[in-house]
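Q: What follows is a single structure, and I will ask about it in a moment.
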């Protein structure tokens, strides 16, 4: 069964230049084709941490925005970014940081 989109409310939210704070959105599972495209993006090799932002750019919508841009994602607080990372990992079937730590301890 395919995972479904997840709706969420960001802890802090994206603050627009107008001062308006956007917190509600939707995250959809990323497709294999999209992940392959990400691995071909030169920015991933220059800055490996960018892969999460690039994946979110493809799979995230925030109410009040027609499209979420990389610049807007870079403006998010670390709390919001970690929140989205946790949901992205869960939705796409990747182990969470806790699961990875437990695996490393078992080695």
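Q: What do you reckon, is residue 23 surrounded by 14 or more Cβ atoms within 10 Å (Cβ to Cβ), within 14 Å of residue 76 (Cβ to Cβ) and within 16 Å of the chain's Cα centre (by Cα)?
A: Answer is yes for this residue.
Q: Here is a follow-up. Scan the helices (runs of 4 or more DSSP H) fully inside segment 20-85 and keep the ones with 2 or more residues being over 20 Å from residue 6 (Cβ atoms) and modelled with pLDDT under 95.
A: Qualifying helices (runs of 4 or more DSSP H): 32-40, 42-46, 70-74.
Q: Let me ask something else about it. Can you confirm whether residue 10 is in contact with a strand residue (DSSP E or B) (Cβ under 6 Å, 6 or more places away or on another chain) and buried (at least 16 other Cβ atoms within 10 Å of the Cβ)?
A: yes
Q: Residue pairs, Cβ under 6 Å, 6 or more apart or interchain, first in segment 53-67 and at positive phi, second assigned to a loop (DSSP other than H, G, I, E, B) and modelled with pLDDT under 95. List them.
A: So the pair list comes out empty.
Q: I've got another one for you. Pairs please, first residue from segment 17-38 and free of Cβ contacts under 8 Å to residues at least 12 places away in the same chain and at positive phi, second anywhere and surrounded by 13 or more Cβ atoms within 10 Å (Cβ to Cβ) and in a loop (DSSP other than H, G, I, E, B), Cβ atoms under 6 Å, 6+ apart in sequence or on different chains.
A: Once the first residue is free of Cβ contacts under 8 Å to residues at least 12 places away in the same chain and at positive phi and sits in segment 17-38, no partner that is surrounded by 13 or more Cβ atoms within 10 Å (Cβ to Cβ) and in a loop (DSSP other than H, G, I, E, B) comes close enough.
Q: On the given criteria, is residue 38 within 20 Å of residue 94 (Cβ to Cβ) and under 12 Å from the mean Cα position of the chain (by Cα)?
A: Criteria not met by residue 38.
The values are calculated or read from the model by the stated rules, or taken from the named source; none is laboratory data. Owing to the predicted nature of the structure, the values given are computational and were not obtained by experimental measurement. All Cβ positions, glycine included, derive from the backbone under ideal geometry; neighbour counts span all protein chains shown.
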